[in-house]
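The values are calculated or read from the model by the stated rules, or taken from the named source; none is laboratory data. Because the structure is predicted, anything quoted here is derived from the model rather than measured. Heads up, the Cβs are rebuilt from the backbone with ideal geometry, glycines too, and the neighbour counts pull from every protein chain shown. We work out accessible area using only protein heavy atoms, side chains counted, and drop any ligands, DNA or RNA first. Shrake-Rupley method; radii C 1.70, N 1.55, O 1.52, S 1.80 Å.
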Amino acid sequence: MIRLVAILILTWASGTAHADTLQTASGPVRVTQMLKGLDTPWAVGILPDGSFLVTERDGDLLYVSNGKALRVSGVPKVAASGQGGLLDVTVAEDFSQSREVFLSFSKPQADGAGTAVAVARLSENGQRLTNLRVIFEAMPGGAGGRHFGSRVVEARDGTLFVTLGDRGDRPSAQDRSNHMGSVVRITRDGSAPADNPFIGQPDIRPEIWSFGHRNPQGAGLDLDGQLWVSEHGARGGDEVNTIRKGSNYGWPVISYGTHYSGEKIGEGTSQAGLEQPEHYWDPSIAPSGLLVYSGKLWPQWRGDIFVGSLKFDYIAHLGGSPLREVEQIKGPETERVRDIVEALDGSIWFISVGQGAVYRMTPG
């Protein structure tokens, strides 16, 4: 039975939804509430016709169109425990032809759960998923309920990048015989592309693109198609990284943070052969969701990076070279920002877990 969800939605012509203004260094921006009443929302995916999909971590996928939010049937079973559940939703670049969407989730396994990716076709009325198949499953899984990572980004060549956390098992991020603490690159059928960096090497998972990550929960392509991720450090040491083929990002050998006990992590902040972050935060902001902006509505923001903060309730705006946080976009709407994406028209959409809502930013 389809469950109606309490919502408030703006169709662009109606102008009836509640909107506020936030101040930025480039002037005011209008923030419009697109959907409310959500239970631990995790990701938003915007469809070509302006309707959108939202995941709730407990396992619901919502389709929102013409002022109504409906629960989508056919979603895979999830292990909704701790930080796990139904996580990212990514709309395929060829959605207008294929109607395919990608979902990441914590998949129940014999020994707990592992991050998995499924692809399915969304029905014309948005109410069900069909032909769902799991195309990737991180191996091995684990019994812990944290550090699933779980962003899915479609690259320009049609391959998929998937971010995976270390599941709380720090050494696993340096062990390429498993998928933990890595960014993997797969095809749309889940196989490892022939040009992945570790193809054919013994005891290395062929899907691995980069490794040495702790818990990357934000990911996006820049204007040149280069992948960037934001990832959680421990006590300090949250990072923004450019992801390079075959590279080691150091966790837990190097870090700009400390363990929660205050003890030193690994061998300091640098070591030969290990990548340095483009930017790091200390204290930690708990980054989740990353967008590299096109400049459509705000030309002055072209190529800048926006990252949501779960801990300090703001959107971090980063720019310049070297990369730095140039401002904090903050208001009641930015309470625990989990996801941030750009719509086709250049508007910026974000999820506030604290408000249980989806918002849309446009020039004020």
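A single member of GLY114, GLY82 is in a loop (DSSP other than H, G, I, E, B) and either open to solvent by 30 Å² or more (accessible area, probe 1.4 Å) or closer than 14 Å to VAL162 by Cβ (or both), and it is GLY82. Each residue in region 174-217 was checked for being basic (Lys, Arg) and more than 23 Å from GLU239 (Cβ to Cβ), and 1 pass. Would you check if LEU103 is touching a residue at least 60 places away in the same chain (Cβ under 8 Å), buried (at least 23 other Cβ atoms within 10 Å of the Cβ), among the hydrophobic types (A, V, I, L, M, F, W, C) and not in a loop (DSSP other than H, G, I, E, B)? Criteria not met by LEU103. Evaluate the following for ARG235: is it at pLDDT below 95, open to solvent by 10 Å² or more (accessible area, probe 1.4 Å) and either of a type in the set (Ser, Thr, Tyr) or assigned to a strand (DSSP E or B) (or both)? Considered against the rule, which asks whether it is at pLDDT below 95, open to solvent by 10 Å² or more (accessible area, probe 1.4 Å) and either of a type in the set (Ser, Thr, Tyr) or assigned to a strand (DSSP E or B) (or both), ARG235 comes out as yes.
Residue check, GLY15 against (1) at pLDDT 65 or above; (2) open to solvent by 20 Å² or more (accessible area, probe 1.4 Å); (3) of a type in the set (Gly, Ala, Ser), all met but one. Which one? Result: GLY15 fails condition (1) only.
Counting just the residues of region 309-337 that are charged (D, E, K, R), touching a strand residue (DSSP E or B) at 6+ places or on another chain (Cβ under 7 Å) and in a loop (DSSP other than H, G, I, E, B), which one comes out most open to solvent (accessible area, probe 1.4 Å)? My answer is LYS330. Here PHE198 meets each of (1) part of a loop (DSSP other than H, G, I, E, B); (2) out of contact with any Gly (no Cβ under 6 Å at 6 or more places or on another chain); (3) under 30 Å from SER309 (Cβ atoms); (4) open to solvent by less than 20 Å² (accessible area, probe 1.4 Å) with one exception, condition (3). In region 219-230, the count of residues that are at pLDDT 95 or above and under 18 Å from ALA116 (Cα atoms) is one or more.
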